[in-house]
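Below you'll find the structure, written out as structure tokens, and then a few comments.
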Amino acid sequence: MSNSNLLEKTMDMALQLPIIERLQLVERLVASVEHDITTLQRVAQGSHWGERLVSLIESLDLSDWEEMDIDDPVQWVEHIRKQDEARLKPFWDGDK
């Protein structure tokens, strides 16, 4: 049986239902369509996560990073670690 014949037969049967049962049928159909649409939207959104990530990164204000005067990032990280070590040493030694 083709989909159009099945639809016609289903519609004929649905129209014979009392009004309350037809309303319940409509509610169930709408709920199932909402569920399918939500699922499709999630799939569509999930398929382009890379584009969303790139757009998020491009929307960030990175001007502070660009203005930093860093010639060698490895030396900069080592310098920051030494500063933290000096600041935390009294706590590690139990002096504070």
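The values are calculated or read from the model by the stated rules, or taken from the named source; none is laboratory data. Nothing here was measured: the structure is a model prediction, and the numbers come from that model. Ideal geometry is used to build each Cβ from the backbone, glycine not excepted, and the neighbour counts take in all protein chains shown. The area values use the complete protein model at the heavy-atom level, side chains included, leaving out ligands, DNA and RNA. Shrake-Rupley method; radii C 1.70, N 1.55, O 1.52, S 1.80 Å.
Would you mind telling me the share, in percent, of accessible area of the chain contributed by carbon and sulfur at probe 1.4 angstrom?
The value for the chain is 58 percent carbon and sulfur by accessible area.
Can you find, among Val77, Val33, Thr10, the residue farthest towards the positive end of the dipole of the chain? Put +1 on the C-beta of Lys and Arg, -1 on that of Asp and Glu.
Checked the options; the winner is Thr10.
Would you mind calculating the gained length between Glu58 and Thr38 on full extension (0.36 nm times residue separation, minus the Cα-Cα distance), in nm to one decimal?
Separation in residues times 0.36 nm, less the Cα-Cα distance, equals 4.4 nm.
Quick check for me: using +1 on Lys/Arg Cβ and -1 on Asp/Glu Cβ, what's the dipole size of the chain about its Cα centre, in debye to the nearest 20?
About 800 debye.
Tell me, what is the per residue accessible area of the stretch 1-77 in Å², probe radius 1.4 Å?
95
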